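Below is one structure; the comments refer to it alone.
Here, each number is a calculation from the coordinates, and none is a lab measurement. Fair warning: this is a prediction, and the values are worked out from it, not measured in the lab. With ideal geometry, Cβ positions are generated from the backbone for all residues, glycine too; neighbour counts draw on all protein chains shown.
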């Protein structure tokens, strides 16, 4: 019986509250929708506001991008280059206290060589951090695109 009591208490000790994790998942989903909305509106600065002050992007085949100002510039450059129609699909969210990670799929459209929009699909991992205000913000953001155009 003592073993059962100890095992039942482990989630409380280590912060694995299933109800709390669902709240984190919902909050992260809401923040991801805000990211999509800002990106699709062409507003790199609004995208960057969804990140922590000391956030970093880890883009494929590029240098690390640190801080909100640089992140705003990066995303504005991506938008200005013709990336559009971002759609984020969360596949997995795991929370551990004030940190969570999300694994997902991103679909975008890019300008094609013939002038038409070309769909591209990639995958991402975001480390989220809950601030003192309770809001979840992107802290580390890494992704890469799948080879070839989406079908």
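At a glance:
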quantity: Peptides ranked, highest mean first, by Cβ atoms within 10 Å: ranges 84-92, 60-68; calculated: 84-92, 60-68
quantity: Cβ-based exposure ranking for 141, 98, in which fewest neighbours within 10 Å come first; calculated: 98, 141
quantity: For the range 38-151: Kirkwood Rh in Å [reciprocal of mean 1/r, alpha carbons]; calculated: 14.7 Å
quantity: Translational diffusion of the range 100-151, µm² s⁻¹ [Kirkwood Rh, Cα pairs; Stokes-Einstein; 10 °C; 1.306 mPa s]; calculated: 125 µm²/s
quantity: Separation between Cα centres of the range 119-137 and the range 21-75, rounded to whole Å; calculated: 7 Å
quantity: Sites residue 117 and residue 26, calculated FRET efficiency, Cβ-Cβ separation with R0 35 Å, nearest 0.05; calculated: 0.65
quantity: FRET efficiency for residue 83 and residue 133, using Cβ-Cβ distance with R0 set to 25 Å, rounded to 0.05; calculated: 0.25
quantity: Difference of contour (0.36 nm per residue) and Cα-Cα distance, residue 94 to residue 43; calculated: 15.5 nm
quantity: Pair residue 69, residue 101: separation of 7 Å Cα→Cβ label points (nm); calculated: 3.1 nm
quantity: Contour excess over end-to-end distance, with Cα ends at residue 54 and residue 33 and 0.36 nm allotted per residue; calculated: 5.4 nm
quantity: Three-way shape call for the range 49-96 based on the alpha-carbon gyration tensor, with the a/c threshold at 1.5; calculated: oblate
quantity: Relative contact order, percent, the range 87-151 [alpha-carbon distance under 8 Å, six or more residues apart]; calculated: 27 percent
